[in-house]
Amino acid sequence: MNEKILVLDFGGQYNQLIARRVREQRVYAEIKPYNKITCEDIKSTGYKGIIFTGGPNSVYDEKSPHFDPKVLDLGIPILGICYGAQLLAFMAGGEVTGAAHKSEYGNTALYAEDCALFEGVPKTSSCFMSHTDYVSEVPQGFTVIATTKNCPVAAFMDESKGLYGVQFHPEVTHTEYGKAIIHNFLFRVCGCVGEWKMEDFIERTAEQYKEELKGKKVLLALSGGVDSSVAAALLYKAIGDNLICVFVDHGLLRKDEGDFVENTFKGEFGMNFVRVNAEERFLSKLAGITEPEQKRKIIGEEFIRVFEEEAKKLGKIDVLAQGTIYPDIIESGKGDSAVIKSHHNVGGLPEVISFESIVEPLSDLFKDEVREVGLKLGLPKALVFRQPFPGPGLAVRVIGEITKEKLKLNKEADAIFREEVEKAGLEGSTNQFFAVLADMKSVGVMGDARTYGYTLALRAVTTDDFMTAEWTRLPYDVLEKASNRITNEIKGITRVVYDITSKPPATVEWE
Ligand code: XMP
């Protein structure tokens, strides 16, 4: 693969978005923290262009991130964004001023001049600003190519050197022509042709790990969720049987899910796959526990313990693999993004297993990109488009104490609900849908007899980010069908209700 853009990370909050916007244009982008790459590395890698990201600092602050000014003379085009633009101006000898009294935040009108960067961008459009300092004087040889009401230098360039700076954020959707601006930088300024495909990512990553992990034993905790599954498939392509997947089935998965995961990875892929059936063990630990946080804690701890025990049986493990994806990575916020914190689905990292390093093959990708990789690697659609599922599983959907009986009722009811939503072709119209078994019984009547059984709640939510959510307006007839089937087919549930609470005030899960 030839074309590559370097996103030089100065600690901005939109850095991953920048890389994503570049990849959307079929150009590969690589993010590197500013202090983890040198001018020499940049030159020898042969990047087609560099994007300096934003960052929370001020260029005059001694502790603020800076970069070797020689980068401006490598003959590689640069686009500086926000702090990156200020830094570019500063490095080239321009002036940056603190504008505390008139800092700009939000959407504002951008007045743009004709130039390669603004090809196809109208004279007046809307851009998104978020800054305090601003470039007050452009360096020698540079010209101003855009302004806003409060910002005399909203964009500037030295066309002959391919150096561009924009004070606003072209990577966010609020900037009306942001996509066009990034496109122009890539194709008109850097001369990219847009040849990158997801297949390239797969091939390149597999090659890289084949080399890097040669002769090493790699262990991956496979949950059956999208991320760990795709990570497994990708690493399997790279290192085959040296990848060992351990799947801890805590018995709190949805109906038949454990078998499905096993059939996929062991059956279809033929992976080195260890399934640990630990239902009894988890249920005995959970016996008598009703407090939600305590349930979660027990499951998290037990999960790690089971995983550690299995890992020990495998002998020496060199590397631990994780399905961390880009949004899981939390930046330090200091431009020193090498210090990252990984997100873990259940519990934390095992402490007892010793390993040399951790690999996270999906750490540059967004969820939809991860799904694309999964499909290209031949994972089944049901797995790749699986709805989010909490680490503690059905433990947070069986309210109160978890018993085998209640767990079974929930699994059966959930399967029926999912089947009805899918039959109606509505899986795409809701982001998460499931059954919750309440810890209360109510009276019913069946035939001529009185019944007394559990109350089951159906829950479906519509959301972008799961931080807030609306309850999904599922059609009444679908709800009716699911309710009828659940009460008819499952002995022990007498009443079905639909959860019409949004988040906030409720959460998506009941516990
Ligand atoms: P809440 O209930 O917090 O859920 O509104 C938001 C989203 O997060 C999922 N969820 C979890 N995921 N471990 C996870 O991996 C957990 O402990 C957990 N709790 C909730 C939930 O399913 C929803 O998608």
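Where does the longest stretch of the chain lie that holds no chymotrypsin sites (Phe, Trp or Tyr not before Pro) found in a DSSP loop with 15 or fewer other Cβ atoms within 10 Å?
Values: sites that count: Tyr60, Phe385, Phe466.
Looking at the chain, 61-384 is the longest stretch - no exposed chymotrypsin sites (Phe, Trp or Tyr not before Pro) with at most 15 other Cβ atoms within 10 Å.
Assuming a viscosity of 1.002 mPa s and a temperature of 20 °C, what translational diffusion coefficient in µm² per second does Stokes-Einstein assign to the range 427-511, Rh being the Kirkwood radius over Cα pairs?
On the way: Rh = 13.8 Å.
In µm²/s, the coefficient rounds to 155.
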Of the listed pairs Lys36/Lys161; Lys210/Lys237; Lys70/Lys179; Lys43/Lys70, those with alpha carbons more than 19 Å apart are Lys36/Lys161; Lys70/Lys179
Taking the convex hull of the alpha-carbon atoms of the range 384-439 and averaging its shadow over every direction gives an area in square nanometres of 4.1 nm²
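Report, to the nearest whole %, how much of the accessible area of the chain belongs to carbon and sulfur atoms, 1.4 Å probe, protein only. Write out the running numbers ahead of the final one.
Details: 11010 of 22520 Å².
Carbon and sulfur together cover 49 percent of it.
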Sparse-neighbourhood loop hits (trypsin sites (Lys or Arg not before Pro), the range 85-191; DSSP loop; Cβ within 10 Å at most 11 others) -> Lys123
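Given axes a ≥ b ≥ c from the Cα gyration tensor, I'd like to know whether the range 24-98 is rounded (a/c under 1.5), prolate (a/b larger than b/c) or oblate.
On the way: a/c = 1.77, a/b = 1.55, b/c = 1.14.
Since a/c reaches 1.5 and a/b is larger than b/c, the shape of the range 24-98 is classed as prolate.
Where Rh is the Kirkwood radius over the Cα pairs of the range 93-144, the temperature 10 °C and the viscosity 1.306 mPa s, what D in µm²/s does Stokes-Einstein return? Write down the numbers at each step before the final one.
On the way: Rh = 12.7 Å.
Approximately 125 µm²/s, per Stokes-Einstein.
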Calculated from DSSP helices alone, with each H run of at least 4 adding -39500 (n - 2.57) and the total divided by the residues of the chain, [θ]222 nm to the nearest 500 comes to -8500 deg cm²/dmol
Regression test value, accessible area per residue of the chain, probe 1.4 Å, units Å², expected 44 Å²
Expressed in square angstrom to the nearest 10, the accessible area of Ser357 with a 1.4 Å probe stands at 50 Å²
Given pairs Lys381/Lys503; Lys297/Lys503; Lys295/Lys406; Lys285/Lys404; Lys4/Lys32 and cut-off 19 Å on Cα-Cα distance, the over-length ones are Lys381/Lys503; Lys297/Lys503
So the compactness index of the range 1-62, its C-alpha Rg divided by 2.2 N^0.38 Å, takes the value 1.15
Using alpha carbon positions and the Kirkwood radius, the Rg to Rh ratio of the chain is 1.04
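The values are calculated or read from the model by the stated rules, or taken from the named source; none is laboratory data. These numbers were taken from a predicted model, which means no experiment stands behind them. Quick reminder, even Gly has a Cβ in these numbers, built from the backbone with ideal geometry, and neighbours come from all protein chains shown. Remember, those area values only see protein heavy atoms, side chains included, never the ligands or the DNA or RNA. Shrake-Rupley method; radii C 1.70, N 1.55, O 1.52, S 1.80 Å.
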